[in-house]
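Everything below concerns the one structure shown next.
The values are calculated or read from the model by the stated rules, or taken from the named source; none is laboratory data. This structure is a prediction, so every number in the text was calculated from the model and none was measured. No Cβ is skipped: glycine too gets one built from the backbone with ideal geometry, and neighbour counts run over all protein chains shown. These area figures cover heavy atoms from the full protein model, side chains too; ligands, DNA and RNA do not enter into them. Shrake-Rupley method; radii C 1.70, N 1.55, O 1.52, S 1.80 Å.
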Amino acid sequence: MDIKEAINLLHQSIDYEMQKEKIINDCNCCGTEPFVALLVNKILKGLSNGDEELCNNIGTYFEDLEENGAEYLKENYKMVYDIDHAGKCTIYYYTNDLSFKTTKEVEEYLKTQG
């Protein structure tokens, strides 16, 4: 598998998860592993079995895919973010059928969804 195939698979995975969830919290600034990184890990683990090239270049693939996935989210979905006084960043991406102006609006909406 080459990088173009991996990127295509990542984009499909992002679209699938966004259609399923509608709202994704993807924060690159905190200690938790963000949404895109989790997807990249899952894809690479699944694909690395028996793919010698991928096993040898998994670090490069991971960084390239993570950057590409974050950019894909920004280009294809709406986003709101907030940085608190301590510097912690909260980022929500959501589908185009929803509309929020602040992270608080997203969090209130999520509370009503159960």
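Counting only heavy atoms of the protein chains, get the accessible area per residue of the chain (1.4 Å probe) and round it to a whole Å² value.
So the chain comes to 63 Å² accessible per residue, rounded to a whole number.
Between Lys101 and Glu63, how high is the FRET efficiency from 1/(1 + (r/R0)^6) when r is the Cβ-Cβ distance and R₀ = 30 Å? Nearest 0.05.
0.40
To the nearest 10 degrees, how steep is helix 3-21 against the longest Cα principal axis of the chain, on a 0 to 90 scale?
30
Glu71 versus Gln113, label points 7 Å from Cα toward the beta carbon: distance in nm?
Spacing of the two 7 Å Cα→Cβ label points: 2.8 nm.
Can you classify the chain as rounded, prolate or oblate using the Cα gyration tensor, where a ≥ b ≥ c are the square roots of its eigenvalues, rounded means a/c under 1.5, and otherwise it's prolate if a/b beats b/c and oblate if not? Don't jump to the answer; show the numbers that get you there.
Working: a/c = 2.57, a/b = 1.87, b/c = 1.38.
Prolate.
Would you mind telling me the share, in percent, of accessible area of the chain contributed by carbon and sulfur at probe 1.4 angstrom?
Of all accessible area on the chain, carbon and sulfur atoms account for 48 percent.
For region 67-114, what is the Kirkwood estimate of the hydrodynamic radius, computed as the reciprocal of the mean inverse distance between distinct Cα atoms, to one decimal in Å? Display every interim value, and only then the final one.
Values: mean 1/r = 0.0850 Å⁻¹.
For region 67-114, inverting the mean 1/r across all distinct Cα pairs yields 11.8 Å.
Filter Lys22/Lys88; Lys20/Lys88; Lys4/Lys42; Lys42/Lys111 down to the pairs with a C-alpha to C-alpha distance above 19 Å, please. Provide the component values of the computation, followed by the final result.
Numbers: Lys22/Lys88 23 Å; Lys20/Lys88 27 Å; Lys4/Lys42 17 Å; Lys42/Lys111 28 Å.
Beyond 19 Å between Cα atoms: Lys22/Lys88; Lys20/Lys88; Lys42/Lys111.
Rounded to the nearest 10 degrees, what's the angle between the helix 35-48 long axis and the longest principal axis of the chain, both from Cα atoms, 0 to 90?
20
Which angle between 0 and 90 degrees, to the nearest 10, do you get for helix 103-112 versus the longest principal axis of the chain when only C-alpha atoms count?
Around 90 degrees separate the two axes.
Any idea what the relative contact order of the chain is, in percent, if you count C-alpha pairs under 8 Å spaced at least 6 apart? Write down the numbers at each step before the final one.
Numbers: 117 pairs, mean separation 33.4, N = 114.
Once normalised by length, the contact order is 29 percent.
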